[in-house]
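Colleague: Have a look at the structure that comes next, please.
The values are calculated or read from the model by the stated rules, or taken from the named source; none is laboratory data. Predicted, not measured: the structure shown is a model, and the values here were computed from it. Don't worry about glycine lacking a Cβ; one is built from the backbone with ideal geometry, like all the others, and counts go over all protein chains shown.
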Amino acid sequence: MQKLTSKIGWKYDMTEVKRAYSMCLKKQAQALSEPRKLVDMTTHYPQADLADDFYETFEKIPLHVAIITYIGTVLVIFIGYIREFLRAVGIEKLKGTMEPMIEGFVPMYQDWSGFFNRNIYRRVQDCFNQPLSSVAGTEINLIERTSNDHNWNLEFTGETKKVLNFGSYNYLGFAENTGPCVEAVAKCSAEYGVGICASRQEMGYLDLHKELDELTAEYLGVDAAITFPMGFASNSMNMPSLVQKGSLILSDELNHCSLILGARLSGACIQTFKHNNMEDLEEKLRAAIVAGHPRTSRRWKKILIVVEGVYSMEGSVICLPEVLRLKKKYKAYVYLDEAHSIGAMGSRGRGIVDYFGLDPKDVDVMMGTFTKSFGSSGGYIGGTKKLINHLRLHSHASIYSNTSILSVATSHTADYLLLPHNHGA
Amino acid sequence: MAVIPATWDLYELLQAVVQAPTYHIVFEILLILWIIKLIFFSKSYALEKTVLTTKEKDELIEEWQPEPLVPDIPDTHPVLQALERNIITGRPDKYLNVNGRSCLNMATMNFLGMAGDQTIETEAIKCLRKYGVGSCGPRGFYGTMDVHLVLEDNLAKFMNCEEAILYSYGFATIASAIPAYSKRGDIIFCDEGVCFSIQKGLVASRSFIKFFKHNDMEHLERLLIEQQKEDKKNPKKAKVTRRFLVAEGLYIKHGDICPLPKLVELKWKYKVRIFLEESFSFGVLGKCGRGVTEHFDIPVDEIDLIAASLENSVGSTGGFCCGKKYVIDHQRLSGLGYCFSASLPPMLASAATQALTIMEANSAVLFTSLRENAEKIHDGLLQVEGMKLMGVPISPLKHLQLGEPGGDRDMDTRTLQKIVDEVQTLGVAMTLARYLEKEEHCLPQPSIRIAVSCKLTDTEIKNVIECTKKACQTVLNENSS
């Protein structure tokens with residue numbers, strides 16, 4: 001076994017690395033050499049074959065690293081408590097802001113969140129919220145900040161630093177300040193203005209939105225689509241219209257916060273299954289249908305499986321063929337959040353469904369955002385005409401919140417026109 | 001066995017036992033032992049848990065039929081048809097181009113006319129050429145641009161607050177702010193007539209919600225006194241239960257203003273923190289548009305958190321919260337819509353900055369003319385026969401309800417929709433106020449919502465009132481005949 005030593009001193013197992021790399025190449029070659037055919041997943045991906053075809057590696061955490069991390073955390077907390085005591089007694093001056101104790105009022109913050117902020121988060125505060133003074137393209141201008149008092153207060157030095165951007169979600173490079181998209185947006189802003197000030201059902205529905213809805217539907221390969229100005233809101237405001245009390249939501253344990261919020265707001269029962277673990281999902285589905293509601297034992301009205309295409313914090317890809325096979329077997333519905341995978345996965349950039357060569361009409365609710373690959377802002381939901389009509393009427397976003405800013409909507413349109421329909425991405 | 005007479009004594013009893021036949025004694029002893037066993041040593045026969053076989057489970061799974069994901073909506077649904085009929089083309093400015101016809105815009109919340117302002121567009125396009133369209137990341141990971149920081153600074157200075165935080169969507173602002181502070185076990189006193197985004201924020205917070213009747217301060221005081229009594233009974237719990245009061249500056253569902261001085265008085269008396277939602281009062285009320293605090297001349301420090309949307313008077317997208325530093329800083333890590341969502345597109349942030357500059361420069365003209373126009377329209381609409389006008393005179397949001405509602409909500413909605421369509425043929429664009437009927441906490445009567453802009457001239461106002469009168473007359477006469 002060949003071992004490679006990196007600069008820091010960790011040892012990589014070269015055979016593992018080579019295997020993962022060759023798998024990637026094999027899949028890429030497959031994708032480019034033959035045109036994607038829509039497959040019937042019950043025959044093409046029976047459970048046994050999947051293990052060979054679908055391959056992901058996650059580096060195991062070495063034991064000594066785990067131990068040192070835990071010791072480090074405990075040490076930081078311990079020192080934090082000592083410093084809090086010193087501040088309380090008056091030996092150390094408090095440099096940040098703390099909640100003033102007003103007589104009679106219950107303190108706003110429980111101890112831990114303030115403690116965490118002052119002693120743990122503050123130490124690494126300069127890594128987050130770094131401001132830019134340029135477009136979030138391939139290179140960015142970071143505005144430099146320094147601190148003379150250990151990150152209690154951050155000040156701008158007045159200098160900027162040009163760096164390569166590996167931080168923004170600019171997968172396809174559309175975040176640029178020149179080019180046909182920007183020209184289209186500029187033209188549209190001059191024609192339509194920047195503000196709409198009305199919601200979709202109350203005179204805020206422009207011809208641009210209609211165009212964008214139709215284009216989105218065409219791009220995804222579904223019957224109809226509806227778009228919203230915020231990706232987060234597309235989840236939190238639409239899930240409550242799809243499931244209510246009396247239904248069950250089976251959500252992956254590492255789902256995004258917006259999906260969790262939408263699930264909670266809907267009032268349905270929520271159960272989680274182990275991340276990307278299809279056996280666990282099947283077990284939970286079977287148990288749920290057989291047992292019914294845990295307290296009343298009534299049959300569930302609907303079961304909605306909520307998964308993401310690509311999980312942004314783990315980098316894992318959902319095993320979609322298996323999810324769809326389970327959905328068909330147990331008559332559940334699938335809600336697929338393609339925030340990161342739309343535009344980025346698949347030989348034609350149509351997302352995770354395209355990546356696996358499946359039929360987009362099999363996924364009941366296809367949701368995604370325009371913020372990442374399209375370099376714009378907003379979200380969409382695609383599905384059958386019945387679903388979209390229902391959302392047009394009952395989505396919180398259609399009634400209570402204002403529509404997309406025109407200029408942004410046009411940029412999506414221009415993006416779509418640029419994305420090649422007929423040749424590989 | 002003979003009945004033992006009561007007069008027998010112990011000696012005679014013992015003699016009888018000894019003289020009894022052996023089988024009898026054995027039988028009695030066995031019986032006693034059996035009774036002892038039954039009482040003390042028998043197993044309790046609980047119900048056995050039923051374990052289903054795989055076959056039975058498969059049958060259950062086979063039999064289960066879910067409901068359809070969404071109910072059937074016919075294409076002829078009135079709202080869907082209204083949506084398709086009212087597609088806007090071109091700039092939504094003072095005049096809207098609805099379905100090919102140019103109508104005076106009394107529907108969109110363009111109170112200060114910012115949606116059609118050329119300087120805002122120029123700034124936005126300048127920013128577009130520097131920053132592109134989207135910010136491609138959340139605020140924490142390279143999605144913060146200097147335009148966002150500038151806007152936050154400007155908003156904080158404008159509102160005389162220590163700090164402001166920017167959200168990328170108006171609805172998400174208050175819906176993320178409330179759950180960041182109020183958790184399970186806390187208590188929130190909320191007005192019944194609040195907008196839907198606040199209602200969602202309350203649900204997301206999982207706290208105890210106590211609604212008080214719309215603008216009814218006595219009812220609120222009664223609830224607060226009740227809570228005080230509860231606290232006295234359980235002082236330990238009261239020490240860790242936070243109490244909040246949520247109200248809107250200008251209620252969109254009713255068109256009236258909250259009684260802020262009384263709310264502040266109650267705040268200090270009963271020690272509750274006030275969260276004020278100023279989506280429709282920011283840029284509308286007050287001498288310089290600073291909202292309901294300026295309107296009532298109350299120092300903004302008395303309010304713990306002010307949340308507002310930039311989508312109405314400011315004519316951009318997004319929202320912000322402002323207040324003291326220790327309050328706002330907390331949202332930078334706990335505000336869901338802030339941490340886990342992409343930041344506001346930079347060109348919209350610079351559009352908002354420019355709108356703020358315009359508001360500060362022209363405050364003398366903009367707000368007085370908005371108030372005057374609102375009052376004129378109010379006086380005019382009061383004269384429309386057969387309709388009831390809701391809202392205070394200076395509010396630019398008014399609700400026109402049927403004077404004699406039929407009792408059937410659908411019927412009334414259809415009548416109002418006819419009025420709106422009729423008024424559109426006469427050249428004025430209005431809209432019905434739309435609600436999610438099954439999910440609203442306190443559903444108001446169906447109404448036409450009228451939004452007044454400061455750019456309206458006297459002739460246009462007269463025109464609006466004439467057209468409304470004519471349309472109402474036509475439709476109501478039709479209905480009664």
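Colleague: Which one of A:Lys302, A:Lys284, A:Lys329 is in contact with a Leu (Cβ under 9 Å, 6 or more places away or on another chain) and more than 11 Å from chain B (Cβ to nearest Cβ)?
Modeller: Residue meeting the stated conditions: A:Lys284.
Colleague: Let me ask another. Out of curiosity, is A:Ser297 among the polar types (S, T, N, Q), within 14 Å of chain B (Cβ to nearest Cβ) and part of a loop (DSSP other than H, G, I, E, B)?
Modeller: yes
Colleague: Pairs please, first residue from segment B:361-389 and touching a residue at least 60 places away in the same chain (Cβ under 8 Å), second anywhere and assigned to a loop (DSSP other than H, G, I, E, B) and β-branched (Val, Ile, Thr), Cβ atoms under 6 Å, 6+ apart in sequence or on different chains.
Modeller: B:Asn373/B:Val452; B:Ala374/B:Ile394; B:Ala374/B:Val452; B:Ile377/B:Val452
Colleague: Filter segment B:244-290 down to the residues that are farther than 25 Å from B:Ser207 by Cβ and not β-branched (Val, Ile, Thr) and list them by number.
Modeller: Within segment B:244-290, B:Gly255, B:Asp256, B:Pro261, B:Phe282, B:Gly283, B:Leu285, B:Gly286, B:Lys287, B:Cys288, B:Gly289, B:Arg290 meet the criteria.
Colleague: Looking only at segment B:64-94, count every residue that is more than 35 Å from the chain's Cα centre (by Cα) and more than 9 Å from chain A (Cβ to nearest Cβ) and tell me the total.
Modeller: The qualifying residues number 0.
Colleague: Residues that are in contact with a strand residue (DSSP E or B) (Cβ under 8 Å, 6 or more places away or on another chain) and either free of Cβ contacts under 8 Å to residues at least 24 places away in the same chain or more than 21 Å from A:His390 (Cα to Cα) (or both): list the helices (runs of 4 or more DSSP H) wholly contained in segment A:154-248 that include at least 1 such residues.
Modeller: Answer list for segment A:154-248: A:180-192, A:207-220.
Colleague: Then there's this: When you check A:Gly193 against the structure, is it more than 30 Å from A:Leu336 (Cα to Cα) and facing chain B (nearest Cβ under 9 Å), yes or no?
Modeller: yes
Colleague: Does segment A:343-354 contain any residue that is touching a residue at least 24 places away in the same chain (Cβ under 8 Å), in contact with a His (Cβ under 7 Å, 6 or more places away or on another chain), buried (at least 22 other Cβ atoms within 10 Å of the Cβ) and closer than 21 Å to B:Gly143 by Cβ?
Modeller: Looking for residues that are touching a residue at least 24 places away in the same chain (Cβ under 8 Å), in contact with a His (Cβ under 7 Å, 6 or more places away or on another chain), buried (at least 22 other Cβ atoms within 10 Å of the Cβ) and closer than 21 Å to B:Gly143 by Cβ, one finds none in segment A:343-354, hence no.
Colleague: Residues in segment B:194-210 that are over 17 Å from B:Ala175 (Cβ atoms) and either touching a His at 6+ places or on another chain (Cβ under 7 Å) or crowded, with 19+ Cβ neighbours inside 10 Å (or both): how many?
Modeller: 0
Colleague: Restricting the search to segment B:221-241, which residues are exposed (fewer than 12 other Cβ atoms within 10 Å of the Cβ) and either touching a His at 6+ places or on another chain (Cβ under 8 Å) or in a loop (DSSP other than H, G, I, E, B) (or both)?
Modeller: B:Asn234 - this is the single residue of segment B:221-241 that is exposed (fewer than 12 other Cβ atoms within 10 Å of the Cβ) and either touching a His at 6+ places or on another chain (Cβ under 8 Å) or in a loop (DSSP other than H, G, I, E, B) (or both).
Colleague: Given the conditions (1) surrounded by fewer than 17 Cβ atoms within 10 Å (Cβ to Cβ); (2) within 11 Å of another protein chain (Cβ to nearest Cβ); (3) farther than 18 Å from B:Leu432 by Cβ, and given that B:Asn97 satisfies all but one, which numbered condition is not satisfied?
Modeller: The failed condition is (1).
Colleague: Related question: If we keep just the residues of segment A:361-377 that are of a type outside the set (D, E, K, R) and at the interface with chain B (Cβ under 9 Å from one of its Cβ atoms), which is nearest to the chain's Cα centre (by Cα)?
Modeller: A:Thr369
Colleague: When only residues in segment B:100-111 that are facing another protein chain (nearest Cβ under 10 Å) and part of a strand (DSSP E or B) count, which is nearest to B:Leu426 (Cα to Cα)?
Modeller: B:Cys103
Colleague: If you go through segment B:62-88, how many residues are outside any loop (DSSP other than H, G, I, E, B) and surrounded by fewer than 16 Cβ atoms within 10 Å (Cβ to Cβ)?
Modeller: 6
Colleague: Could you please tell me which pairs satisfy a Cβ distance under 9 Å, a separation of 6+ or placement on different chains, a first residue in segment B:16-35 that is at pLDDT below 85, and a second residue that is surrounded by 10 or more Cβ atoms within 10 Å (Cβ to Cβ) and among the charged types (D, E, K, R)?
Modeller: Sorted first by the residue in segment B:16-35, then by its partner, the pairs are B:Ala20/B:Glu28.
Colleague: Does B:Met430 satisfy the condition of being at pLDDT 90 or above, surrounded by 23 or more Cβ atoms within 10 Å (Cβ to Cβ) and within 14 Å of another protein chain (Cβ to nearest Cβ)?
Modeller: yes
Colleague: Kindly indicate which of A:Phe105, A:Phe116 is out of contact with any His (no Cβ under 9 Å at 6 or more places or on another chain) and either assigned to a loop (DSSP other than H, G, I, E, B) or of a type in the set (A, V, I, L, M) (or both).
Modeller: A:Phe105
Colleague: Do any helices (runs of 4 or more DSSP H) entirely within segment B:332-448 hold 1 or more residues that are under 30 Å from B:Gly143 (Cα atoms), and if so, which?
Modeller: Helices (runs of 4 or more DSSP H) meeting the threshold: B:336-339, B:346-361.
Colleague: Might you check whether a residue that is away from chain B (no Cβ under 11 Å) and in a helix (DSSP H, G or I) occurs anywhere in segment A:128-138?
Modeller: Within segment A:128-138 (the criterion being away from chain B (no Cβ under 11 Å) and in a helix (DSSP H, G or I)), the answer is no, since none of the residues qualifies.
Colleague: Between A:Leu387, A:Leu358, which is away from every other protein chain (no Cβ under 14 Å) and touching a residue at least 12 places away in the same chain (Cβ under 8 Å)?
Modeller: A:Leu358
Colleague: Going through A:Phe128, A:Phe105, A:Phe78 one at a time, which residue ends up being within 31 Å of the chain's Cα centre (by Cα) and either farther than 30 Å from B:Lys239 by Cβ or aromatic (Phe, Trp, Tyr) (or both)?
Modeller: A:Phe128
Colleague: Somewhere in segment B:152-174, is a residue surrounded by fewer than 24 Cβ atoms within 10 Å (Cβ to Cβ), part of a helix (DSSP H, G or I), within 13 Å of chain A (Cβ to nearest Cβ) and modelled with pLDDT of 90 or more?
Modeller: Within segment B:152-174, one or more residues are surrounded by fewer than 24 Cβ atoms within 10 Å (Cβ to Cβ), part of a helix (DSSP H, G or I), within 13 Å of chain A (Cβ to nearest Cβ) and modelled with pLDDT of 90 or more.
Colleague: If you don't mind, there's one more thing I want to ask. In segment A:102-131, how many residues are loosely packed, with under 13 Cβ neighbours inside 10 Å and either under 23 Å from A:Ile79 (Cβ atoms) or at pLDDT below 80 (or both)?
Modeller: Going through segment A:102-131 one residue at a time, the tally reaches 5.
Colleague: Go through segment B:290-305 and give me each residue that's within 21 Å of B:Tyr326 (Cβ to Cβ) and surrounded by fewer than 19 Cβ atoms within 10 Å (Cβ to Cβ).
Modeller: B:Ile298, B:Pro299, B:Val300, B:Asp301, B:Glu302
Colleague: Conditions: (1) within 12 Å of another protein chain (Cβ to nearest Cβ); (2) within 20 Å of B:Phe282 (Cβ to Cβ); (3) surrounded by 23 or more Cβ atoms within 10 Å (Cβ to Cβ). B:Met145 meets all but one. Number of the miss?
Modeller: Evaluating B:Met145 over (1) within 12 Å of another protein chain (Cβ to nearest Cβ); (2) within 20 Å of B:Phe282 (Cβ to Cβ); (3) surrounded by 23 or more Cβ atoms within 10 Å (Cβ to Cβ) leaves (2) as the failure.
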